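This report refers to the structure that appears directly beneath it.
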Amino acid sequence: MNNQRTLLFVFAFVISTALAAVAIAPAARAGVSTESPFAPRGFGVGAAASNSPIELRGITTDAQGMRFAIYDPAKKEGAWVRINEKGRIGEAGQSFVISSYDAATNRINIDYQGRSQTLALADPKFAPAKTVPMAIPGMAPQQMQAQPGSKADLKQQQRAQQQQAQASPAESSRLEAIRAEIARRRSQRDSSGGQ
């Protein structure tokens, strides 16, 4: 009885292993790409992996040229340096020099600890939150404020300008009187000085 049970386990193991191999083989033969369709050519999934102790965390431009943020996660320290400028992370840290920058892939070549390495710009650990306009009870959607600089904001500004241009002379004078009254009250409030 025990011998039959062992034979059954061996048979089940062989069958399950064979089925797994058959299921995996078509995917391996299909040549599934490791490249992202959203990244530039040559920027494969494996290409960004690096066993370097430092990271490229940021790139910026100022009046003197480009600067690169090199960060050491173990020390939790970093430095901003330029191409061909000697940099150092921390007081006793290893020095490094950025030899080149590839703008198409956001990668730098850096000489660190006696060897040349390629560092890709690190992925952000968080993304900006989506903003969703909230409905305000009693207010029509077209009356709600749009995000500054958005298409909806530009349309609202255009509508307001058209309405002001179409206002009658009586309406224009009434609005000007309101502006003048507001300015008078503000100056009166400011001159009283919080007494």
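What follows draws every value from the coordinates through simple rules; no lab data is involved. Being a predicted model, the structure only gives us computed values, none of them experimental. Note that we place each Cβ from the backbone using ideal geometry, even for glycine, and neighbour counts take in every protein chain shown.
Each label point was placed 7 Å from the Cα along the Cα-to-Cβ direction; for Asn3 and Ala122 their separation is 6.3 nm.
Proximity of backbone amide H atoms, modeled 1.01 Å from N, is registered between Glu77 and Asp72 at under 5 Å, excluding neighbours fewer than 5 places apart on the same chain. Residue order for Val81, Val97, fewest other beta carbons within 10 angstrom first, comes to Val97, Val81.
The stretch between Ile182 and Ser99, if pulled fully straight at 0.36 nm per residue, gains 23.8 nm over its current Cα-Cα span. Close amide H partners of Tyr112, meaning residues 5 or more places away or on another chain with modelled amide H under 5 Å apart, are Gln117. Across segment 55-120, the relative contact order, built from alpha-carbon pairs under 8 Å that are at least six residues apart, equals 20 percent. Taking the average, over residues, of other Cβ atoms within 10 Å as the packing measure, peptides 181-189, 71-79, 105-113 rank 105-113, 71-79, 181-189 from highest down.
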